[in-house]
Amino acid sequence: DVKVTQSSRYLVKRTGEKVFLECVQDMDHENMFWYRQDPGLGLRLIYFSYDVKMKEKGDIPEGYSVSREKKERFSLILESASTNQTSMYLCASTNLPGQGDSLGANVLTFGAGSRLTVL
Amino acid sequence: QQPVQSPQAVILREGEDAVINCSSSKALYSVHWYRQKHGEAPVFLMILLKGGEQKGHDKISASFNEKKQQSSLYLTASQLSYSGTYFCGTDAGLSDYKLSFGAGTTVTVRA
C-alpha cells in the first residue's frame with residue numbers, strides 16, 4: 001500500500017513563528033500536494049509539485065512556501081505563522097496518469113493530516 | 001475553481017438511500033469521490049472519466065453528466081460504515097495534475 005506520512009499530527013505554534021510541515025511518501029510518486037482543510041470550505045490546494053525542485057502555486061498560496069529537494073519528501077513552510085493559518089493540513093501524492101495504479105487519472109493518496117494551531 | 005456539492009449534510013437510517021451532487025462551472029475530464037472518516041485521511045472511492053468509464057467502489061455507485069458538468073454519488077441501502085464526509089474532486093484534463101475539491105457532504109447513518 002502507498003503510504004503518505006506526515007510527521008506531526010498536532011502542532012501548537014505562536015504567531016510569527018516559522019513552521020515546517022513534513023510529508024514523505026514511499027511509492028516513488030511524481031506528484032505531491034499540500035491541501036488545507038477547513039469546515040465548510042473543504043480541501044483547498046496550497047501548492048503542488050510535479051518533480052524534484054519544481055513547484056506550482058495552488059489556489060491559496062499566500063503565506064506559504066514549499067520545498068521539494070527529494071522525490072519522496074515535500075515540505076510546507078509557514079514563514080511567519082498567523083492565527084488565520086490555524087487549520088488541518090493534508091499532504092497527498094499521486095502517480096502520473098497511466099502509471100501504476102493511477103486508474104488513468106490523478107488518484108490521490110492522502111496522509112493522515114497535521115492539525116496546526118497558531119496562538 | 002472549487003466544485004459545488006449538495007447537500008451539506010444528510011442523516012440516514014440504515015438501509016436508506018441518499019444522493020450527493022457535485023457540479024462544476026468548467027469542463028471536466030474526471031470526477032473523483034473520496035470519503036473521510038472522523039480523524040482519518042480521505043480515502044479514494046471512485047473515479048468517473050470523460051467518455052463514460054466508471055471505476056471504484058462496488059457498493060456505492062456514481063454518474064457523470066459531461067454536458068452538465070455534474071456528478072452524483074449514490075449511497076444505496078446505506079450501512080453504518082457509510083458515515084463520513086464525502087468530497088468530490090474535479091480536474092480539467094490529463095495534464096491538469098491538481099484536483100479541486102468541493103466543500104464536502106457529511107453523511108451520518110444511524111442504526
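The values are calculated or read from the model by the stated rules, or taken from the named source; none is laboratory data. Computed from a predicted model, the values in this text were never measured in an experiment. Quick reminder, even Gly has a Cβ in these numbers, built from the backbone with ideal geometry, and neighbours come from all protein chains shown. These area figures cover heavy atoms from the full protein model, side chains too; ligands, DNA and RNA do not enter into them. Shrake-Rupley method; radii C 1.70, N 1.55, O 1.52, S 1.80 Å.
See the values below:
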{"quantity": "Hey, B:I11 open to solvent by 50 Å² or more (accessible area, probe 1.4 Å) and in a strand (DSSP E or B) or not", "calculated": "yes"}
{"quantity": "Count - residues of segment A:1-45 that are basic (K, R), open to solvent by 80 Å² or more (accessible area, probe 1.4 Å) and within 30 Å of B:Q5 (Cα to Cα)", "calculated": "2"}
{"quantity": "Residues being in contact with a strand residue (DSSP E or B) (Cβ under 6 Å, 6 or more places away or on another chain), farther than 13 Å from B:F87 by Cβ and facing chain B (nearest Cβ under 9 Å) - total across segment A:25-37", "calculated": "2"}
{"quantity": "Qualifying position, being out of contact with any Phe, Trp or Tyr (no Cβ under 9 Å at 6 or more places or on another chain) and surrounded by fewer than 16 Cβ atoms within 10 Å (Cβ to Cβ), among B:S6, B:S63", "calculated": "B:S6"}
{"quantity": "Complete set of residues in segment A:46-73 that are within 14 Å of chain B (Cβ to nearest Cβ) and either open to solvent by 30 Å² or more (accessible area, probe 1.4 Å) or in contact with a His (Cβ under 7 Å, 6 or more places away or on another chain) (or both)", "calculated": "A:Y50, A:D51, A:M54, A:K55, A:E56, A:K57, A:D59, A:I60"}
{"quantity": "Count of residues meeting criterion [more than 14 Å from chain B (Cβ to nearest Cβ) and modelled with pLDDT under 95] in segment A:1-24", "calculated": "2"}
{"quantity": "Single match in A:G113, A:G42 (criterion: free of Cβ contacts under 8 Å to residues at least 12 places away in the same chain, within 14 Å of chain B (Cβ to nearest Cβ) and on the phi > 0 side of the Ramachandran plot)", "calculated": "A:G42"}
{"quantity": "B:D96 vs. criteria of a type in the set (D, E, K, R), surrounded by 19 or more Cβ atoms within 10 Å (Cβ to Cβ) and at pLDDT below 85", "calculated": "no"}
{"quantity": "Top-ranked residue in segment B:19-30 [being buried (at least 16 other Cβ atoms within 10 Å of the Cβ) and modelled with pLDDT under 90; ranked as farthest from the other protein chains (Cβ to nearest Cβ)]", "calculated": "B:L28"}
